[in-house]
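What follows draws every value from the coordinates through simple rules; no lab data is involved. For clarity, every value in this text was computed on a predicted model and none was experimentally measured. So basically every Cβ, Gly included, is an ideal-geometry build from the backbone, and we count neighbours across all protein chains shown.
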């Protein structure tokens, strides 16, 4: 069983590489140390791929270490070439400011911010880069890092070998800027560990090397986690249709987030539970055993979907996501609103009616015909008489019924069903 935080991270598959396993392990045991993870503000919301460094922040803080969350107000103006084959678009000052604010707010549920020794802080590297002049940076920092050293790093080498795309001097300089971040944090905040995805290994080790050359006496360490890939080796963070999975509930609803994890491949269940679930490892082992014995019950997928949705969006959001999912299996719409049902519009056929149309009322038989749940009004009457028609998953027996605004299941939607599986959403605009 894992006994130290480093062993726990390793047992959960959260460690790809470290600069010195033995020394880092001792440092993490002896005392709480400040450590940092960087986030480039390319959007106002983080996405699923960001959950790996977020998990590292949360677990190390729980073990008594102090998270420094570095938001790249300066480096975000340039963009990290690591893991990319093309140049990033540069952000405007306004877009950058909005993204910085969004990311800081979004990280608050995952780590605690207070005045305790392990309380997290958020820093913006623009505060130390903005006052530095270009000539001063070249003289005082750039002279310590050779071009030979920088071009040997994979993130730079791959782009240099691409004759068509290449790499601009702007992005080439990114490694040096991130390396100086580590120097500054070591000097000003006693930071001794940088964590990040495996694509950050070159930048992290460059920071350790630069700190040594610039006279930082303390031992500095690096730890990288595997990139979030599925069992097919594909980078995660998007649906099969190419939709990005954001952590912001306004951009990706809790229902869609829940469904994303519910659709986890069998081969990914154990790895994702170990990576992200806060359940003990022995409990995860038991869940995986149940999953392997009866994969059709999808115990593993349900567990990871529930754990992830609760962690990212909260227990109430999980309850609504499950309730919205159950609507498609005859579940009640009670306590659900438009925000909960809206994601179903992407999965179910729908019809939009004006508010005035529904205010006057429309014959249920006509509505069934309009929505193609019945081929004719006659068939609609037979379906109703046979008990096969439901409004908001409540059986309707009256063939003469007129559907009006009182029948809405949420603020602007009602769910029609014919038989067990034919659903249609009527949306009022």
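In what order do 282, 199, 162 fall by count of nearby beta-carbon atoms within 10 Å, going from fewest to most?
Working: 282 8, 199 17, 162 12.
Fewest-to-most Cβ neighbours within 10 Å comes out as 282, 162, 199.
Please give the peptides 192-198, 39-45, 323-329 ranked by average Cβ packing (other Cβ atoms within 10 Å per residue), highest first, as a rough proxy for protection.
Working: 192-198: 23.0, 39-45: 20.0, 323-329: 17.6.
Answer by packing, highest mean first, reads 192-198, 39-45, 323-329.
Where both residues lie in segment 344-428, what percent of DSSP beta bridges are antiparallel, nearest 5? Don't skip to the end; give the middle numbers.
Values: 13 of 17 bridges.
Just about 75 percent of them are antiparallel.
By per-residue mean of other Cβ atoms within 10 Å, what is the highest-first order of 178-189, 308-319?
Working: 178-189: 21.8, 308-319: 18.7.
Peptide ranking by packing, descending: 178-189, 308-319.
Can you sort 271, 212 so the residue with the fewest Cβ neighbours within 10 Å comes first?
On the way: 271 19, 212 14.
The most exposed by this proxy come first: 212, 271.
In deg cm²/dmol and to the nearest 500, what is the mean residue ellipticity at 222 nm of the chain if only DSSP H runs of at least 4 residues count, each as -39500 (n - 2.57), divided by the residue total?
On the way: 20 runs with 184 residues, N = 429.
That comes out to -12000 deg cm²/dmol.
Please find the FRET efficiency linking residue 231 to residue 405, where r is the Cβ-Cβ separation and R0 is fixed at 41 Å, and quote it to the nearest 0.05.
On the way: r = 48 Å, r/R0 = 1.17.
With a Förster radius of 41 Å, E is 0.30.
Roughly speaking, what is the centre-to-centre gap between segment 393-410 and segment 141-176 when only Cα atoms are used, to the nearest Å?
The two parts, judged by their Cα centres, are 65 Å apart.
If you average the alpha carbon positions of segment 215-229 and of segment 324-380, how far apart do those two centres end up, in angstrom?
54 Å
Restricting to Cα pairs below 8 Å that are 6+ residues apart, what does the relative contact order work out to for segment 254-327? Please round to a whole percent.
Details: 67 pairs, mean separation 34.5, N = 74.
In percent, rounded to a whole number, it is 47.
Which order do the peptides 118-128, 136-146 come out in when sorted by mean C-beta neighbours inside 10 angstrom, highest first? Walk me through the numbers on the way to the answer.
Values: 118-128: 17.2, 136-146: 14.0.
The densest-packed peptide leads the list: 118-128, 136-146.
Rank the residues 250, 171, 357 as a footprinting-exposure proxy: fewest other Cβ atoms within 10 Å of their Cβ go first.
Numbers: 250 9, 171 21, 357 13.
Ranked by crowding around the Cβ, least crowded first: 250, 357, 171.
Once you treat every alpha carbon in segment 5-225 as an equal point and sum by Debye, what is log10 I(q)/I(0) at q = 0.14, 0.15, 0.16 Å⁻¹?
-0.87, -1.01, -1.16
Mean shadow of segment 295-343, computed from the convex hull of its alpha carbons, in nm²? Display every interim value, and only then the final one.
Numbers: hull surface 15.1 nm².
Projected area, direction-averaged: 3.8 nm².
Taking the Cα atoms only, what angle lies between the long axis of helix 93-107 and the longest principal axis of the chain, rounded to 10 degrees?
The two axes meet at around 80 degrees.
Across all directions of projection, what mean area in square nanometres is found for the Cα convex hull of segment 242-357? Write down the numbers at each step before the final one.
On the way: hull surface 35.6 nm².
Across all orientations, segment 242-357 yields a mean hull projection of 8.9 nm².
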